[in-house]
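The values are calculated or read from the model by the stated rules, or taken from the named source; none is laboratory data. If you're wondering where the values come from, they're calculated on a predicted model, not measured in any experiment. Cβ coordinates were reconstructed from backbone atoms using ideal geometry, including for glycine residues, and neighbour counts include every protein chain displayed. The area values use the complete protein model at the heavy-atom level, side chains included, leaving out ligands, DNA and RNA. Shrake-Rupley method; radii C 1.70, N 1.55, O 1.52, S 1.80 Å.
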Amino acid sequence: MSNLNYLSGLGPIWPPGLMPPGLSYMPDTQRTLVLLKPDALQRDLLGEIIRRFELKGLKIVALKFIRLSDEMLTEHYSHLADKPFFASLKQFMMQTPVVGIVLEGIDCVESVRKIVGATNPRSADAGTIRADFSMNVPSNLIHASDSVENAVTEVKRFFKEDELFSYEKITDRFQFGEGI
Ligand code: IDP
Ligand code: MG
C-alpha cells in the first residue's frame, strides 16, 4: 500500500476503499522519527520507552536497528555542527546500534516531543521519558523529530519506503477515527 499521499502531506494513507468500515482518518495524522540512543540500549530501557508510545496509542509503522555512520550523523545533527560537543555527540551515537522507529498518530510530531521532554533531562517535565530516566546530555535516551517538515525528512533519511508499513488495528477507530 503506498504511503506517498500521506508522506507528501496531501492526505491520509488509506485509499478510500481500503479504510476500515466506520473509520475516517483525522486530517492531521502524521508520522515522526524516533531514535533510541546507545544509553537507552545499555540501560535496558528500550522496552520501557517503546511501551510508553504504545500505551499512548501511537502506531509503530517501522522499527529496526540502525548502525549510524559519521556521515549520517553529520547530516542528522547538521544544526549542531559548530558546537564544541559535535564530535563527541557523534561518537556517542555510534557506540552501539540505535533503534529507529517511525510512529504514526494524530498530531504525532508534537505529541511525541511532549512525551520525550526537554533536551536537558534535568529541565524536562516530570513524567517525560528524559526526566524520568536520565540526567545528562548527550545521554538523554532518545531523539524525536522537532517539526512536521523535519519528520518527513528524517523518516526518509533512515527508512526506505518499503520498510514503512500501513496496517489496520481494531483500535484504530479510537486512536485515528472520530469515535466509535
Ligand atoms: P533535541 O534532541 O531535544 O532535539 P537538539 O538541540 O536537537 O536537541 O540536540 C540534539 C542532541 O545533541 C541532544 O538530544 C543531545 O543528545 C545533544 N546535545 C544537545 N546539547 C548538548 C550539549 O550542550 N552538550 C552535549 N550534548 C548536547
Ligand atoms: Mg533536535
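Couple of notes before you dig in:
- Within segment 82-135, considering residues that are more than 14 Å from residue 49 (Cβ to Cβ) and hydroxyl-bearing (Ser, Thr, Tyr), the one nearest to the chain's Cα centre (by Cα): 111
- Single residue of segment 77-93 satisfying the filter (among the hydroxyl-bearing types (Ser, Thr, Tyr) and within 16 Å of ligand 2 (Cβ to nearest atom)) that is farthest from residue 146 (Cα to Cα): 78
- Whether a residue is under 13 Å from residue 37 (Cα atoms), assigned to a loop (DSSP other than H, G, I, E, B) and β-branched (Val, Ile, Thr) was assessed, and residue 137 passes this test.
- Members of segment 110-127 that are of a type outside the set (A, V, I, L, M) and either more than 11 Å from ligand 1 (Cβ to nearest atom) or modelled with pLDDT under 95 (or both): 110, 111, 114, 122, 125, 127
- Residue-level check: of (1) within 13 Å of ligand 2 (Cβ to nearest atom); (2) under 22 Å from residue 52 (Cα atoms); (3) open to solvent by less than 40 Å² (accessible area, probe 1.4 Å); (4) touching a residue at least 40 places away in the same chain (Cβ under 8 Å), residue 138 misses just (3).
- Only one entry of 58, 46 meets the criterion of being farther than 18 Å from residue 153 by Cβ, in contact with a strand residue (DSSP E or B) (Cβ under 7 Å, 6 or more places away or on another chain), open to solvent by 20 Å² or more (accessible area, probe 1.4 Å) and more than 15 Å from ligand 1 (Cβ to nearest atom), and that entry is 46.
- Filtering 96, 74 for residues that are open to solvent by 10 Å² or more (accessible area, probe 1.4 Å), within 16 Å of ligand 2 (Cβ to nearest atom) and farther than 30 Å from residue 170 by Cα leaves a single hit, 74.
- Enumeration of residues in segment 152-169 that are surrounded by 13 or more Cβ atoms within 10 Å (Cβ to Cβ) and closer than 20 Å to residue 98 by Cβ: 152, 153, 154, 155, 156, 157, 158, 159, 163, 164, 165
- Pair list, Cβ under 7 Å, 6 or more apart: segment 59-87 residue under 11 Å from residue 100 (Cβ atoms), other residue acidic (Asp, Glu) and open to solvent by less than 60 Å² (accessible area, probe 1.4 Å): 62/163; 64/163
- Residue count for segment 140-158 satisfying the condition of being part of a loop (DSSP other than H, G, I, E, B) and within 22 Å of residue 39 (Cα to Cα): 4.
- Residues of segment 170-180 that are of a type outside the set (D, E, K, R) and loosely packed, with under 11 Cβ neighbours inside 10 Å: 170, 179, 180.
- Verdict on residue 64 being exposed (fewer than 15 other Cβ atoms within 10 Å of the Cβ), over 10 Å from the mean Cα position of the chain (by Cα), over 21 Å from residue 153 (Cα atoms) and modelled with pLDDT of 95 or more: no
- Among the residues making up segment 89-110, a single one is without any contact (Cβ under 8 Å) to a residue 12 or more places away in the chain and closer than 21 Å to residue 78 by Cβ: 91.
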